[in-house]
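Encoded as structure tokens, the structure appears first; notes follow it.
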Amino acid sequence: MAEADLALLLAAAAMLLLRGLGLLVAGALRPDHPLVAWAAAVSQATLAAFVALAIAVPGGAVAGLPWPARLAGLLAGLLAHRLLGGRLLPALGLGTGVLLAVRWGLQ
């Protein structure tokens, strides 16, 4: 087995193990448990890392979007997140809408 295949297999096995453990533990934890807060923080940090990469060094279809449009979408999303009490999905939607509007306005 090639090294890349082994690495992929081990990563998939680890992911499945963690998902299974998460299912077992999730039913026993209260929503205000520190582990639940930690998992939420990790998921938001991961999303933030992907957003930062998409803005700073985009690849694929995002590379065709102008820098001002990407920056305006980021700022609108951050502002919406702050004003809407940390609600992530509406902030993402608003940021994406502003990005598309600015892109359309620059054409």
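Where a number appears in this text, it was derived from the coordinates with a stated rule and is not lab data. Quantities reported herein were computed from a predicted structural model and do not represent experimental measurements. Note that each Cβ is placed from the backbone with ideal geometry, even for glycine, and that neighbours are counted across all protein chains shown.
Observations
- Positive end of the dipole of the chain (Cβ unit charges, origin at the Cα centre): among Ala45, Leu100, Ala61, the Cα lying farthest that way belongs to Leu100.
- For the chain, built as a Gaussian network whose Cα springs stay under 10 Å, the top-fluctuating residue of Val25, Val62, Val42: Val25
- Here the simple spin-label model places points 7 Å from the Cα toward Cβ, and for His33 and Ala45 these points are separated by 2.0 nm.
- Placing +1 on the Cβ of every Lys and Arg and -1 on the Cβ of every Asp and Glu, with no other charges, gives the chain a dipole of roughly 400 debye about its Cα centre.
- Theoretical gain in end-to-end length, Val62 to Leu100 [0.36 nm per residue, Cα-Cα removed]: 12.5 nm
- Degrees, to the nearest 10: 67-83 long Cα axis against longest axis of the chain: 60 degrees
- 0 to 90° range, to nearest 10: angle between helix 34-56 axis and the chain longest Cα axis: 40 degrees
- Listed residues Ala80, Ala28, Ala14, most fluctuating in the chain (Gaussian network, C-alpha, under 10 Å): Ala14
- Gaussian network model of the chain, springs between alpha carbon atoms under 10 Å - residue of Leu17, Leu35, Leu92 with greatest fluctuation: Leu17
- Using alpha carbons only: equivalent-ellipsoid semi-axes of the chain, gyration tensor based, whole Å: 33, 23, 9
- Distance between the C-alpha centres of the range 80-107 and the range 9-25: 33 Å, rounded to the whole angstrom.
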